[in-house]
């Protein structure tokens, strides 16, 4: 049975993100010798699962519809927005959360929950996710 191209493209994009997320889990296990299931769904870290997914999507669309097609241009544009957001806005929000958590700790404020600090990515983490996504698309072509 042949999988329709559209379904194949979305499955490869999703699988690429899952592989990146699983890589975070495995690297944490190797580095700290602890199993942390939160790493399977937590944002941030190396490599960027968002970047892997969107670049696998863009690469697959480019191969199947043409790198000069309007559809590729649209997917690439939105991929770049996602990657910029991951390394820019979400990373900044994580840094702000870190500072706010320090203030909360030092002032011993009890009625405020700790904010999530690892939200975004460094540019290198985004680059590694991008490369992973492109390679994953290549594997499934």
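Can you tell me which residue within region 103-139, out of those that are loosely packed, with under 15 Cβ neighbours inside 10 Å and at pLDDT 95 or above, is nearest to the chain's Cα centre (by Cα)?
131
Is it the case that some residue within region 95-102 is over 19 Å from residue 9 (Cα atoms), under 15 Å from the mean Cα position of the chain (by Cα), surrounded by 13 or more Cβ atoms within 10 Å (Cβ to Cβ) and at pLDDT 80 or above? Steps first, please.
So in region 95-102, the residues over 19 Å from residue 9 (Cα atoms) come out as 95-102.
With under 15 Å from the mean Cα position of the chain (by Cα) added as a condition, the list becomes none.
No, that holds for no residue.
Here is a check on your reading of the model: is residue 9 surrounded by fewer than 13 Cβ atoms within 10 Å (Cβ to Cβ) and in contact with a helix residue (DSSP H, G or I) (Cβ under 9 Å, 6 or more places away or on another chain)?
When the stated conditions are applied, residue 9 does not pass them.
Name every residue in region 60-90 that is under 12 Å from residue 123 (Cα atoms), surrounded by 18 or more Cβ atoms within 10 Å (Cβ to Cβ) and without any contact (Cβ under 8 Å) to a residue 40 or more places away in the chain, in order of residue number.
87 - this is the single residue of region 60-90 that is under 12 Å from residue 123 (Cα atoms), surrounded by 18 or more Cβ atoms within 10 Å (Cβ to Cβ) and without any contact (Cβ under 8 Å) to a residue 40 or more places away in the chain.
Considering only region 29-44, state which residues are within 16 Å of the chain's Cα centre (by Cα) and without any contact (Cβ under 8 Å) to a residue 40 or more places away in the chain. Can you show your working first?
Step one: list which residues in region 29-44 are within 16 Å of the chain's Cα centre (by Cα), which gives 38-44.
The answer is 38, 39, 40, 41.
Which number in (1) closer than 27 Å to residue 2 by Cα; (2) in contact (Cβ under 8 Å) with a residue 24 or more places away in the chain marks the one condition that residue 125 misses?
Only one criterion is unmet by residue 125, namely (1).
The values are calculated or read from the model by the stated rules, or taken from the named source; none is laboratory data. What you are looking at is a predicted structure, and each value in this text was computed from that prediction instead of being measured. We place every Cβ from the backbone using ideal geometry, glycine too, and count neighbours over all the protein chains shown.
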